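Before any comments, here is the structure.
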Amino acid sequence: NEDSTDTQEPCVALRAFAENSVLPVDIIWVIDSSPSMGNEIEIIEANLNHFASIIYASGLDFQVIVVGSESDHYNETTQKQYLEICVPPPLSSVNDCPDADSGTYLHVREDVHSHDGLALLMETYGQYKSRLRADSITHVILVSDDDAGWGNQVEQYEEFIRDATNPGFPGGVIFHSIVDLLGYIPGCVFDDNCSCGERRGEAYIELSQASGGMVHSVCDENWGPIFDALRERVVEGTLLPCEYTIPQPGSGLTVNPEQTNVILSRANSSERETLVNVASAEYCFDQRAWYFDNPGQPSRISLCPQACGAWNGTVEFEFGCDTRKQ
């Protein structure tokens, strides 16, 4: 290692805190409201606010959108029965049913039956697109004890994600499935914690695997680990990978790539560590290091995996001192 900060004359440094590049997150729940989903709907209603509170505590700008039925009723048009989905406060703005939209919650009040989830996610786009942010990460969580309808819905969905505009899904969609992993279980009745659907959720599983999303069983009796895993996945995906926007140094100084250091400061401690600089991500190896997005005209700094999230604290830039290089 070459440490070029060991000079005879001390450098004149200006330190500035880096701003973490946090993306907003839009979370769309599509919930099968058919009669066989009674237990699952109750679980979602009971846990959705806790799910959102953990995300909120992480300091994220988030929206929760639910696509599903508003009430228990028989739909004369579809000639099918539907169950009520009613999320309590604080996501809902009222302590009553039907629930009501709020600043972080939108209920798209559409009847979703056994095979309708994917189709209605696309058909109702006009009802929720105003809530989506152009720079957001979008997660779709589809809950059903059946599969998508017949035909080429997967291909239609993939085209929809690519072509939807204003604001659309510029970052793509991470698709998560809470679905039937086994197929119909003979003798199943609606009040069992098992699948009463007709088919395994093959299309949804395929979309989750293709987008790097998660797959869980709708038949699990304990959904605690499911919500925990989803929260962790949503939160971890919102930070650009250890990436920080370079603050303006001011005081007549400019960002000189050869005179910039990155320092980790541990929270509630005087402990600090100056990281070494490498040319790019390819040279991180197992080092606690950092690199510019563009060494000639840098605008962002990324930490290597060994340094990313290593400390609970802050990241500082030091301008005006020779860079500590590897």
Worksheet item: If we scan the range 55-75, do we find a residue that is farther than 21 Å from Arg131 by Cβ, open to solvent by less than 60 Å² (accessible area, probe 1.4 Å) and in a loop (DSSP other than H, G, I, E, B)?
Response: yes
Response to the item:
Restricting attention to the range 90-118, the residues that are more than 22 Å from the chain's Cα centre (by Cα) and not in a strand (DSSP E or B) number exactly 15
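Per-residue answers, yes or no, for (1) more than 22 Å from Asn47 (Cβ to Cβ); (2) out of contact with any strand residue (DSSP E or B) (no Cβ under 9 Å at 6 or more places or on another chain); (3) surrounded by fewer than 15 Cβ atoms within 10 Å (Cβ to Cβ); (4) in contact (Cβ under 8 Å) with a residue 12 or more places away in the chain:
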| position | (1), (2), (3), (4) |
| --- | --- |
| Ser93 | no, no, yes, yes |
| Cys97 | no, yes, no, yes |
| His113 | yes, no, no, yes |
| Ala134 | yes, no, yes, yes |
| Ala164 | yes, yes, no, yes |
Item to complete: Return yes or no: is Gln81 polar (S, T, N, Q), open to solvent by 20 Å² or more (accessible area, probe 1.4 Å) and either assigned to a strand (DSSP E or B) or touching a helix residue (DSSP H, G or I) at 6+ places or on another chain (Cβ under 6 Å) (or both)?
Response: yes
Worksheet, complete the sentence: Out of (1) at pLDDT 85 or above; (2) more than 18 Å from Glu243 (Cβ to Cβ), the one Ala267 does not meet is (1)
Worksheet entry | Qualifying position, being open to solvent by 40 Å² or more (accessible area, probe 1.4 Å) and of a type outside the set (A, V, I, L, M), among Gly172, Gly149, Gly117, Gly126 | Gly126
Worksheet entry | Options Glu42, Glu2; residue that is modelled with pLDDT of 90 or more and open to solvent by 70 Å² or more (accessible area, probe 1.4 Å) | Glu42
Discussion item. On the basis of being modelled with pLDDT of 90 or more, within 21 Å of the chain's Cα centre (by Cα), surrounded by fewer than 20 Cβ atoms within 10 Å (Cβ to Cβ) and of a type in the set (S, T, N, Q), does Asn47 make the cut?
Written reply: yes
Practice prompt. Report the residue count in the range 276-307 for those that are open to solvent by 60 Å² or more (accessible area, probe 1.4 Å) and either β-branched (Val, Ile, Thr) or part of a loop (DSSP other than H, G, I, E, B) (or both).
Written response: 11
Worksheet entry | Residues of the range 119-133 that turn out to be part of a loop (DSSP other than H, G, I, E, B) and in contact with a Gly (Cβ under 8 Å, 6 or more places away or on another chain), as a count | 1
Practice prompt. Could you tell me whether any residue of the range 207-227 is outside any helix (DSSP H, G or I), open to solvent by 70 Å² or more (accessible area, probe 1.4 Å) and modelled with pLDDT under 70?
Written response: no
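The values are calculated or read from the model by the stated rules, or taken from the named source; none is laboratory data. This is a predicted model, so every value here is computed, not measured. Counting neighbours? That spans all protein chains shown, and the Cβs are built from the backbone with ideal geometry, glycine included. Ligands, DNA and RNA are excluded from the accessible area calculation, which covers all protein heavy atoms including side chains. Shrake-Rupley method; radii C 1.70, N 1.55, O 1.52, S 1.80 Å.
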